[in-house]
1. Do we find that A:LEU16 is over 20 Å from A:ILE254 (Cα atoms) and at the interface with chain B (Cβ under 10 Å from one of its Cβ atoms) in this structure?
2. Any chance you could count how many residues in the range B:154-202 are within 14 Å of chain A (Cβ to nearest Cβ) and in contact with a Phe, Trp or Tyr (Cβ under 7 Å, 6 or more places away or on another chain)?
3. Just a yes or no: is a residue in the range A:138-161 assigned to a helix (DSSP H, G or I), within 8 Å of another protein chain (Cβ to nearest Cβ) and touching a residue at least 40 places away in the same chain (Cβ under 8 Å)?
4. Which of (1) out of contact with any helix residue (DSSP H, G or I) (no Cβ under 9 Å at 6 or more places or on another chain); (2) part of a helix (DSSP H, G or I); (3) within 12 Å of chain A (Cβ to nearest Cβ) does B:GLU54 not meet, given it meets every other one?
5. Determine if the range B:177-198 includes at least one residue that is within 21 Å of A:ALA130 (Cα to Cα), hydrophobic (A, V, I, L, M, F, W, C) and touching a residue at least 24 places away in the same chain (Cβ under 8 Å).
6. Of the residues that sit in the range A:35-53 and are closer than 15 Å to B:GLU130 by Cβ and in contact with a strand residue (DSSP E or B) (Cβ under 8 Å, 6 or more places away or on another chain), which one is surrounded by the most Cβ atoms within 10 Å (Cβ to Cβ)?
7. Tell me which residues, restricted to the range A:203-237, are within 11 Å of another protein chain (Cβ to nearest Cβ) and outside any helix (DSSP H, G or I).
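The values are calculated or read from the model by the stated rules, or taken from the named source; none is laboratory data. The structure presented is a predicted model; accordingly, all values stated were derived computationally and were not measured. Every residue, glycine as well, gets a Cβ built from its backbone with ideal geometry; the counts of neighbours run over all protein chains shown.
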Amino acid sequence: MHDMRRPTAHRLSTALHARPRLRLYGLLSLPLLWMFGVYLVSLAMLLVTAFWTTDPFTSKVIPGFTTRNFENILTTSSYLNTAGRTVGIAFLVTLLCAVFALPLGIFMAKVASARWRNFLAMAITLPLWAGYLVKVFAMRISFGENGPVNWLLDPFGLSGPGYGLPAVVLTLTYLWFPFMALPVYTAIRQIPPNLFDAASDLGAGTWRVIRTVVLPLLMPAMIAGSVFTFSLSMGDFIGTQFVGAKVQMLGTVINQNVNLNPPLAAALSVIPIVAVGLYLFAVRRTGALKEL
Amino acid sequence: MFHLSRTTKWALGLVAAAILTLMYAPLLLVMANSFNDAQISSWPIESFSLRWWERAIESQAILDALWVSVLTALGATAIALVLGSLAALALQRYSFFGKNAVNLLIILPIALPGIVTGVALNNTYKNILEPIGIHVGFFGLIVGHATFCVVMVFNNVQARLGRMNPRLEEASNDMGAGLWTTFRRVTFPGFRTAFAAGGLLAFALSFDEIVVSIFTAPPGVETLPLWMLNNMARPNQQSLLNVVATVIIIVSMVPVYLSQRLSRDVSAN
């Protein structure tokens, strides 16, 4: 009865019911249109722009085709050094995150009570959402000349690292740590407890169990976490700007050129895209990407 | 049986406590500093006052930025709720060629560094659309935010749909309910809390976002994080920055806490 009053809607519903493919296209069309039209097209146009030139006087882009921007990057040692430094920092940050995530994950999954476990899971998730800039600001204050780090270390006759490369690495580790800690903790919880029992019943000590049972089973989760820690470090420039003193990362150089020389900025952006792409490709076979 | 020795347990506990302290100390420092009476916040805090909070509430620039942030986050969340749910329904209920590629495409905006997304959109707005006379303005900022927010709704709704019993929908169809009726009375109530949880996460993600905002906000439009960025190098604004940072921490963390509660209540049932 209800449907009789709305014959068109009824016919549409019947037609869709009979054709699951049509239903699928209906569901997919809007999201795909957006992600393609807005995002992929923009990424593609960025790649195209990398082959354009800029009018040096007006900073207006001129369409065309030249590989000059890429040649410029590949022959300028400061760009190459910056790219190398950025990849190095990204790896170091990833490593530090993994090193801290492992004991925390084991504690949460194997030592803490159920109540504590839930509390801790929430506690390591929340800072992820406190805001990137807020955390950079907090680190800037912490490492400042009269900041709390120096205040804490002063009684021991020590002083903090100040602004510079170590502060950048520590700040990035602080920023992205939850991305590693959460999947590692989840993965440790998912390892069947009897695997731990079997290993120790067969005589393996704690470290041996961790090294030969836990770590190999954790690899997919660590890799899933590392995609974020690596990729997010590759693109950072604000953290570097505020705690890095004179340290430059790729993001710094891209940001400097966005308005002055957009094609050069576009060509420079290809480096993190390629680095992240290579990284995803290298870890694809571990099956970790399904955990993202 | 596997068991950790007392010493190992204590050592692990100490490491865990140290990590948590390091995670929260900087945030608590900023929050405490917002009540620091000093003009240039020095450590340790010598006297407390509310005067910077009062100053912040009186600042038109901060209030404007707060309004822009809320508006942007609401717009981006609305778009993300629609697109994320549609994509989740499609990927969870159907198998088709290119399914993994679609999945990757939705995750990509948060897997690639924000600067890449930002520069790509900036390039499209300024070097492609503007020369042909299209000025995206404020809408460009919302579009940028929505693009990386979709994944939040998508992930939550998809996970919930996977746990729902598909027989319920079949039963509803068999008993004569149309597609829309089934969606409205069976499917949607089933994933309603995941929909809300995803929306809250999208809001929080957009509210404190900075990198994409730098490249997509039109001239003169400041979100709260952009206001922070533009004032961070000015020492005499330090105290107001502490207040704004505290507001951002609270406004982003509360929705996430609620979202986790929503997700947990359902998995407990």
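1. Values: over 20 Å from A:ILE254 (Cα atoms): yes; at the interface with chain B (Cβ under 10 Å from one of its Cβ atoms): yes.
Answer is yes for this residue.
2. Counting residues in the range B:154-202 that are within 14 Å of chain A (Cβ to nearest Cβ) and in contact with a Phe, Trp or Tyr (Cβ under 7 Å, 6 or more places away or on another chain) gives 2.
3. First, the residues of the range A:138-161 that are assigned to a helix (DSSP H, G or I): A:138-143, A:148-156.
The next check asks that each one be within 8 Å of another protein chain (Cβ to nearest Cβ); those that pass are A:138-142, A:148, A:151.
Narrowing further to those that are touching a residue at least 40 places away in the same chain (Cβ under 8 Å): A:139-140.
The answer is yes, given that some residue of the range A:138-161 is assigned to a helix (DSSP H, G or I), within 8 Å of another protein chain (Cβ to nearest Cβ) and touching a residue at least 40 places away in the same chain (Cβ under 8 Å).
4. So B:GLU54 meets the others, but not (3).
5. Of the range B:177-198, the ones within 21 Å of A:ALA130 (Cα to Cα) are B:196-198.
Right, trim to hydrophobic (A, V, I, L, M, F, W, C) and you get B:196-197.
When the remaining residues are screened for being touching a residue at least 24 places away in the same chain (Cβ under 8 Å), the result is B:196-197.
Looking through the range B:177-198, at least one residue is within 21 Å of A:ALA130 (Cα to Cα), hydrophobic (A, V, I, L, M, F, W, C) and touching a residue at least 24 places away in the same chain (Cβ under 8 Å).
6. Taking the range A:35-53 and keeping what is closer than 15 Å to B:GLU130 by Cβ, we get A:42, A:45, A:49, A:52.
Keeping just the survivors that are in contact with a strand residue (DSSP E or B) (Cβ under 8 Å, 6 or more places away or on another chain) gives A:49, A:52.
Details: A:THR49: 25, A:TRP52: 21.
If we take residues in the range A:35-53 being closer than 15 Å to B:GLU130 by Cβ and in contact with a strand residue (DSSP E or B) (Cβ under 8 Å, 6 or more places away or on another chain), then A:THR49 is surrounded by the most Cβ atoms within 10 Å (Cβ to Cβ).
7. Those that are within 11 Å of another protein chain (Cβ to nearest Cβ) and outside any helix (DSSP H, G or I): A:ALA204, A:GLY205, A:GLY235, A:ASP236, A:PHE237.
Okay, residues lined up against (1) out of contact with any Asp or Glu (no Cβ under 9 Å at 6 or more places or on another chain); (2) over 22 Å from A:LEU278 (Cα atoms); (3) in the same structural domain as A:ALA282 (by TED's automatic domain parsing):
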| site | (1), (2), (3) |
| --- | --- |
| A:PHE196 | yes, yes, yes |
| A:ALA199 | yes, yes, yes |
| A:ARG211 | yes, yes, yes |
| A:LEU215 | yes, yes, yes |
| A:ALA221 | no, no, yes |
| A:PHE230 | yes, no, yes |
| A:ASP236 | yes, no, yes |
